[in-house]
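The values are calculated or read from the model by the stated rules, or taken from the named source; none is laboratory data. Keep in mind it's a predicted model, so treat the numbers as computed, not measured. So basically every Cβ, Gly included, is an ideal-geometry build from the backbone, and we count neighbours across all protein chains shown. Just so you know, the surface numbers come from the protein's heavy atoms only, side chains and all, with ligands and any DNA or RNA stripped out. Shrake-Rupley method; radii C 1.70, N 1.55, O 1.52, S 1.80 Å.
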Amino acid sequence: MQIQNTRQQDEINSLAERVKSGDREAFMVLTRLYQKKVFQLAYSYFRNKEDALDIVQETFLRFHQKAHMFEGGKNFQNWLLQIAKNVCIDYYRKHHKKNKELRRVENIEEMNHVSYDSSHHDPSSDLKEIFSRCMEKLSDKQRMIFVMKHYNHLQYKEIAEILNIALGTVKSLHFKAVRNLRTLMSPYMGRMG
Amino acid sequence: MKDCKRTTRNLVAFLYGELDEKEKRYVETHLKTCPECKDELHRLEEVYEIADSLKPDMKKALVSVDWDKLPERIVGEVFDDRSIQERRPDRAGLWPLLFQPRFRLGYAGLLLGIIVGAVVTFLIFRSPPLQVAESGKIIVPLGFYDKMELEMARRETIDYLDRSEYLLLDFVQSTPEKSARFWQSDFVSQRTKELLSKKRYIDPQLEKIKLAKAKLICDQIELLFFELIQTSEDLSAVELKKIQRLIQERQLLLKIKLVRKELQKSEV
């Protein structure tokens, strides 16, 4: 199994090397292989299909621009997800952060409204909405780590490599992210049943 | 208590299967005996489940995307689209990017801005011309009077030095017999008085920093004239000869020439 993984890794790295020299086919193969991974990360970060598709496109565009910076011995997936993570954060700052402050007041009112007036809503969809908004309240790093762990099923080790931080930091930030979500969700969890 | 702290710290990693065997067994054993930590785990599991409830949405989104067309579109945009090609600073370098035709208008605006800025700066900092107000009065810029005063003082001082030089030259060159009567003659006496009154007139102007050196020499001349006009009657020919020699030794005439030259150069 280990040998097979290593062989796959080598093949992928050789494709990345070919992209460096402008190989269209190699770029196409890598895009096909990793588009869903990038989409999953972007979708779970933004909860929006269109945003996620923009992220996928921008990520592969940046990959093509920065292909010469990829070092052969490294894990290509982690390197690509590092680009995707940066694109997500840039995109969020550019398109969403401005609205965040504006939405903050609305959110609290809406969240209260949702939690009391459950007769007209599907409780599970309300809870999802509240949870999405609670995720937005996490710091960029906590949110990214939670998303990578919960929705992309990445190991702490991989997350540490992608975010370029220590393993202990990933563990600690993940713990804080879940605990913060629990605190933010606690007023709604009992009521929504 | 210590066990609870250790367990709580590891509960999230336990929930996500990130603990090694030893730590996992430790948490499991502790949870069997600690209802508080077990409750905490349940609360975290609730969060986990709510987070899981978003997964079907992602699955729906995944299904709705055409995964065959998307790579083709991306590859097409990366390799065929000119606008994307132009976004490759790493390969092409920054120069071609900077000199794109679409930036022409921007650069023209920038150049126009620089020219306008230069003209405005020039207009602000240059000395404004004299203006005539509607009432007929001449409006002069700030500092104009100071400059005029300085220039007048400079010219008056040059004139004072000129005339003093001639007078002193006459005195120095006069014979011992003539030098005794020199300062008593009406002509010299009149000239000296004129010079002394002129000195009083230019005194306030000489206080200006730029004329400090001229003031020093003018003061010396004034003192000399004053003394000579007052005491020459009582002085013997030998004493007057001594004064003549002193003027020559101190190079008073040379100093006058130098200061005058300096003043002539420093026209305001």
Practice task
Quick one: accessible surface of residue A:79, probe radius 1.4 Å, all protein chains present, in square angstrom to the nearest 10.
Solution key: 30 Å²
Problem - For segment B:39-47, 3J(HN,Hα) per residue [Karplus equation, 6.51 cos²θ - 1.76 cosθ + 1.60, θ = phi - 60°, Hz, x = Gly/Pro] - result: 4, 4, 4, 4, 5, 5, 5, 4, 4
Fill in the blank from the handout: SASA check, residue B:4, accessible area w/ 1.4 Å probe, all protein chains in place, rounded to nearest 10 Å², comes out at 30 Å²
Exercise for the section: Could you tell me whether segment A:1-97 comes out rounded, prolate or oblate from its Cα gyration tensor? Rule is a ≥ b ≥ c as square roots of the eigenvalues, rounded for a/c under 1.5, then prolate if a/b exceeds b/c, otherwise oblate. Expected result: prolate
Problem - Solvent-accessible area of residue B:170 with every protein chain in place, 1.4 Å probe, in Å² to the nearest 10 - result: 80 Å²
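Which links in B:178/B:257; A:157/B:22; A:37/A:137; A:49/A:74; A:137/B:5 stretch past 22 Å when you go from one Cα to the other?
B:178/B:257; A:37/A:137; A:49/A:74; A:137/B:5
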Practice task
Show me B:184-190, A:35-41, A:72-78 ranked by packing, highest mean number of other Cβ atoms within 10 Å first.
Solution key: A:35-41, A:72-78, B:184-190
Problem - Positive-pole candidate from A:72, A:30, A:42, dipole of segment A:1-75, charges at beta carbon - result: A:42
Completion exercise
Per-residue average of other protein chain Cβ atoms inside 10 Å, peptide B:34-45 -> 1
Exercise for the section: Taking the Cα centre of segment B:224-268 as origin, sum charge times position over the Cβ atoms of Lys and Arg (+1) and Asp and Glu (-1), and report the length of that vector in debye to the nearest 20. Expected result: 380 debye
Completion exercise
So for R0 = 22 Å, FRET eff. of residue B:173-residue B:201 from the Cβ-Cβ r, to 0.05, ends up at 0.20
Fill in the blank from the handout: Computed ³J(HN,Hα) along segment A:17-23: with the Karplus parameters 6.51/-1.76/1.60, θ = phi - 60°, integer Hz and x for glycine or proline, the list is 4, 5, 5, 4, 8, x, 6
Practice task
Summarise the partner chain shielding of A:172-184 as one whole number: the mean count of Cβ atoms from other chains within 10 Å of each residue's Cβ.
Solution key: 4
Problem - Per-residue ³J(HN,Hα) for segment A:164-172, Karplus 6.51 cos²θ - 1.76 cosθ + 1.60, θ = phi - 60°, Hz, x for Gly and Pro - result: 6, 10, 6, 4, x, 5, 4, 4, 5
Fill in the blank from the handout: Taking every residue of A:26-39, the Cβ atoms of other protein chains inside 10 Å of its Cβ average out to 3
